[in-house]
Amino acid sequence: MSLLRLNGAPAAQLASPVRALCCASFASEMAAMASGRQYKVCCVVNCSYIGNNGVASSRMFSTFWRVGRDYQGLISSRDGYRALASLSLPSSVSLSLPFQATQFSTSQLPGEKRKKKLPGPRAAGTSLQDLFKQDLQPFNIDPSATVVPYLEDTSRKVEGGKLYVETYGCQMNVNDMEIVLAIMKDSGYTEIVQTPEESDIIFINTCAIRENAEHKIWHRLNYFKHLKTRWNRDPSVSATRPAKPPKVAVLGCMAERLKEKLIVADKMVDVVCGPDAYRDLPRLLSLVDEGQTGINTLLSLEETYADVSPVRIAKNSVTAFVSIMRGCNNMCSFCIVPFTRGRERSRAVSSIVREVGELWEQGVKEVILLGQNVNSYNDTSENNAEDDNGTLLSVSNLGTEEGKESPLPSIMESSFGDKKAKYMSTLSPGFSTIYKTKELGLSFTHLLDVLSAEFPEMRFRFTSPHPKDFPDDLLFLMRERANVCNMIHLPAQSGSTRVLELMRRGYTREAYLACVERIRLIIPDVSISSDFISGFCGETEEDHQDTLKLVEAVGYDMAYMFAYSMREKTHAHRNYEDDVPDPVKNRRLAEMIATFRQSTLPRFTSQLQTTQLVLVEGPNKRAPETELVGKSDKGHRVIFPKVPVMDGLSVDTSSEEGCNPFDRKACQEMVDLKPGDFVEVYITETTHASLRGEPLLRTSITQFHEKYH
């Protein structure tokens, strides 16, 4: 056995796929500069788990494997123990062997018959306790170094590489693709093409939440295979087509779920990469040039890509996604996300503020904060951070001005008054979880407080939350800040308490309705959307009717409704029977959609003859020459004529008379609206899904709030 310590290895050099020979008696210890913590590998089984009190990291183990691969390192004997080959390591590497190592031929594979019995720990009389008694000196690596001396750089930088991308699923996948583009840009792939025939690499970012989504992806993979097989036979009409067929890389949740099955599936795919291994893509793609396939689907408890500035796909869009956390701990019985995205981990507040600042400089006017469980955000990286005055960064003076009483209730003041408090929000009343948060840090409320105060003329939305994480402090913040949209996504999934228990949602029908009532009490003009599943395991007609009644009682502005699709690995797959026939699921889904459409119309008609603040997104696709489209604060789609309007931002304050801020016609110019402008729109018509109106005035978030609130 051996113990190798690596201190301060740059995180960028620690991302390699794991292709190692595993044994339950092997132990190693190494440190990753990314977190500055020591990680001890006490047991490795089938290359799938690395333990440090439950903490796993693909980067650390893959680093050790690179040592083993490059230097004929770890060869396993048939009895399950490891022996070390003679290593030709740099003199600065400290390696301790509590038993005599035996050198093996690199062509001799584990499990083959050997002429002589291999000496090992059992023969030498050593034990695991003997291993940890060794006085090992760490191998210190310069944290600023760009090359680790014992790692071979297999990635190759290209010039003018072309990428073709397809993204399926949620907004998180869209943001993930932007992270991938940033990583590939550093490797020389700077151009995004519109057709796969022009590309060097095809990226398909996948979704595994429902079976239908995977069927679409398999269909696309079949097309890409056909494209590659006829590449050299079919004379290309495009002179820009590369000489070699493009490499096909499957990313995201489906890659994490199916892993090597995608590689062996009729040779459709060259690279399979999970959501936590995108940094390894350049190396995985370089293996294809050597005739190999690349796969890395290890999940991490620390990867957030906080240091990666995403390359925005929609260059001219005035809205952008910012991922603030990854993974989910809720373990709902129907959901595969914890198995494809891993456990929850949050980015530091400072890194999010930096990224949002970059988007503001690029002209972005609305940011959507993303996470699989976004309002469970819990930043522990700045727990002990203080400013120059010794005040904890978690303390906020939310909305207060000197000489004025705080507009927020005592629940907020008590949180801010205790300097030791880390401002960690509590669960909504009546809600519970099946997990416990070990370390409490800066909450989602704190993050939203910081962002909305730092960028007062930028709108903020967030998705997708869990109903359990809407404490009063978050709701009062949303009411107080004009640039935090009054729109809440509140996934119910079902209206039956019995089904909610089977789903392991952590609340009852009554608790959910109480949460809705509390939200509307604090934010009266709020817009609420939801998710629903029809035909979950064991759902009866009575349960279905309870769901329809819930839809009617709440009155949602928008909802996402789907028939249940059982996914492997989930709690439901292991313990329940998918006993609702597909025709029944589809019939219940149709009834749910019809009920929703009836209940949502009053939510839209209530906006008639009101003035809404609308962010202009661009031309209406159905009438691009004459109409513009945008979104209101509540997320409603608003269509209005493309005509010049008065400019409320061009007030002449240099004149002695000045201008009345509520009667500016004398000193306002007429301007043409463009994407990114905020405009007052008087609503005159409505449908089940959109609003129409007349544009009145170009304005700002602050001016509109002062005028109408």
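The values are calculated or read from the model by the stated rules, or taken from the named source; none is laboratory data. Keep in mind that what you see is a predicted model, and the values were worked out from it rather than measured. Please note: Cβ atoms are built from the backbone with ideal geometry, for glycine as well, and neighbour counts cover all protein chains shown.
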Worksheet item: Could you list, in sequence order, the residues of the range 450-472 that are assigned to a strand (DSSP E or B) and either more than 18 Å from Glu366 (Cβ to Cβ) or at pLDDT 95 or above (or both)?
Response: Arg459, Phe460, Arg461, Phe462
Response to the item:
Exactly one of Leu181, Leu221 is within 16 Å of Ile263 (Cα to Cα), surrounded by 14 or more Cβ atoms within 10 Å (Cβ to Cβ) and touching a residue at least 24 places away in the same chain (Cβ under 8 Å), and that residue is Leu221
Worksheet item: Looking at the range 564-579, is at least one residue surrounded by 14 or more Cβ atoms within 10 Å (Cβ to Cβ) and touching a strand residue (DSSP E or B) at 6+ places or on another chain (Cβ under 6 Å)?
Response: yes
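Please verify whether Asp582 is crowded, with 18+ Cβ neighbours inside 10 Å, in the same structural domain as Cys515 (by TED's automatic domain parsing) and within 30 Å of Arg509 (Cα to Cα), treating the condition exactly as stated. Steps first, answer last, please.
Working: crowded, with 18+ Cβ neighbours inside 10 Å: no; in the same structural domain as Cys515 (by TED's automatic domain parsing): yes; within 30 Å of Arg509 (Cα to Cα): yes.
In short, no.
Taking the condition in contact (Cβ under 8 Å) with a residue 24 or more places away in the chain and assigned to a strand (DSSP E or B), does Leu227 pass?
Working: in contact (Cβ under 8 Å) with a residue 24 or more places away in the chain: yes; assigned to a strand (DSSP E or B): no.
It is false that Leu227 is in contact (Cβ under 8 Å) with a residue 24 or more places away in the chain and assigned to a strand (DSSP E or B).
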Response to the item:
Those residues of the range 332-355 which are closer than 22 Å to Thr206 by Cβ and of a type outside the set (Lys, Arg) amount to Cys332, Phe334, Cys335, Ile336, Val337, Pro338, Phe339, Thr340, Gly342, Glu344
Worksheet item: Tally time: how many residues in the range 513-571 are farther than 21 Å from Cys253 by Cβ, charged (D, E, K, R) and part of a loop (DSSP other than H, G, I, E, B)?
Response: 3
Worksheet entry | Matching option when the condition is of a type in the set (A, V, I, L, M), over 24 Å from Trp231 (Cα atoms) and modelled with pLDDT of 95 or more, among Val180, Val165 | Val180
Item to complete: Go through the range 597-633 residue by residue and tally those that are within 24 Å of Lys549 (Cβ to Cβ), touching a residue at least 60 places away in the same chain (Cβ under 8 Å) and surrounded by 16 or more Cβ atoms within 10 Å (Cβ to Cβ).
Response: 3
Item to complete: Name every residue in the range 596-637 that is at pLDDT 95 or above and assigned to a helix (DSSP H, G or I), in order of residue number.
Response: Phe596
Fill in: the range 331-350, residues that are among the polar types (S, T, N, Q) and either over 15 Å from the mean Cα position of the chain (by Cα) or not in a helix (DSSP H, G or I) (or both)
Ser333, Ser346, Ser350
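Filter the range 473-485 down to the residues that are more than 15 Å from Val356 (Cα to Cα) and in a loop (DSSP other than H, G, I, E, B), then identify the one that is nearest to the chain's Cα centre (by Cα).
Cys485
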Item to complete: Working carefully through the options Phe640, Phe678, Phe704, Phe662, find the one that is modelled with pLDDT under 95, outside the structural domain of Thr595 (by TED's automatic domain parsing) and aromatic (Phe, Trp, Tyr).
Response: Phe662
Worksheet item: For the range 530-555, what are the residues that are closer than 14 Å to Pro491 by Cβ, in contact with a Pro (Cβ under 9 Å, 6 or more places away or on another chain) and buried (at least 20 other Cβ atoms within 10 Å of the Cβ)?
Response: Ser530, Phe532
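Regarding Val367, is this residue modelled with pLDDT of 95 or more, assigned to a helix (DSSP H, G or I), outside the structural domain of Pro275 (by TED's automatic domain parsing) and in contact with a Phe, Trp or Tyr (Cβ under 7 Å, 6 or more places away or on another chain)? Give the derivation first.
Values: modelled with pLDDT of 95 or more: yes; assigned to a helix (DSSP H, G or I): no; outside the structural domain of Pro275 (by TED's automatic domain parsing): yes; in contact with a Phe, Trp or Tyr (Cβ under 7 Å, 6 or more places away or on another chain): yes.
Criteria not met by Val367.
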Discussion item. Exactly one of these conditions fails for Asp270: (1) touching a helix residue (DSSP H, G or I) at 6+ places or on another chain (Cβ under 6 Å); (2) on the phi > 0 side of the Ramachandran plot. Give me its number.
Written reply: (2)
Discussion item. Which count do you get for residues in the range 336-353 that are touching a residue at least 40 places away in the same chain (Cβ under 8 Å) and within 14 Å of Glu256 (Cα to Cα)?
Written reply: 7
Worksheet item: Are there any pairs, at least 6 apart or on different chains, whose C-beta atoms fall under 6 Å, with the first in the range 534-551 and on the phi > 0 side of the Ramachandran plot and the second not hydrophobic (A, V, I, L, M, F, W, C) and not in a loop (DSSP other than H, G, I, E, B), and if so, which?
Response: Gly535/Lys585; Gly535/Arg588
Discussion item. Against the definition (at pLDDT 95 or above, over 15 Å from the mean Cα position of the chain (by Cα), of a type outside the set (Lys, Arg) and not in a helix (DSSP H, G or I)), how does Val147 come out, yes or no?
Written reply: no
